[in-house]
Amino acid sequence: MLCKIKFLSGLLGFIIIGLSSQAIAVSKGDWITRFGGASVNPNDSSGQVGNIAGSGVAVDDGQALFINVTYMIRDNIGLELLAATPFTHDISGTGSIAGLGKIAEVKQLPPTFSVQYHFAPKKTFRPYVGGGINYTTFFSEKAVGGTVTSISLDDSWGLAVQGGFDVDISKSWFFNADLRYINIETTAKTNVGNVDVEINPWVLSIGVGTTF
């Protein structure tokens, strides 16, 4: 709780500073770039692993660096492409195979294309919402449990929605916070059977940005 209070206090400080600064006006033809840290927090569920009654799997959180670029096609409308360094996730058994603990780890990249609407492009505080398409590719899958000796995950296509804001901290730089919900569904293929997994994460990113 104390950490959350400190975070919110720091965030409020950024906003107060931003509101007292000269606005970085955004308009048609501008490029916006943002970068920082992101956390993928699965809202996951799964089917049964092969024929193992009562079994399932869970996917843990992953953190990485992100960068995104937005091109403003109108004063209020932007096209955004999100990229990141690889996220690493542990996969654990649940239900009747919970005793196996961690059974695998996997890396993924979730490039996402979105159309954004910017509510106040000329202000120091600029909230926006967006929606688009996500493609998640899984790679470097590695089984680590004694029972599960091989695993691979299918890539995923899904919808993504977001909401966030930019707030100026100087004449050239702004602070950014963004929350996305991404539909990610995959099938994990293992030596003990296949399992359908819905990851569907919330993705929180915090960073800085500039325009050019």
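No value in this document is a laboratory result; all are computed from the given coordinates. This is a predicted model, so every value here is computed, not measured. Note: ideal-geometry Cβ built from the backbone for every residue, glycine included; neighbour counts use all protein chains shown.
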* Cleavage-rule hits (trypsin sites (Lys or Arg not before Pro)) in the range 80-124: DSSP loop, at most 13 neighbouring Cβ within 10 angstrom -> Lys122
* Structure fact -> Nearest 10, in degrees from 0 to 90: the angle of helix 2-19 to the longest Cα principal axis of the chain is 30
* Structure fact -> One finds, for Phe139 and Asn194 with R0 = 22 angstrom and r their Cβ-Cβ distance, a FRET efficiency to the nearest 0.05 of 0.75
* **Label zone at Asp30 (point 7 Å along Cα-to-Cβ), backbone N below 17 Å, the range 186-212** => 208-212
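Per residue, what volume in Å³ does the convex hull of the Cα atoms of the range 2-211 enclose? Don't skip to the answer; put the middle values down first.
Numbers: hull volume 22.5 nm³, N = 210.
Value for the range 2-211: 107 Å³ per residue.
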* To do: Subtract the Cα-Cα distance of Leu109 and Ile52 from 0.36 nm times their separation in residues, and report this length gain in nm to one decimal.
  => 17.5 nm
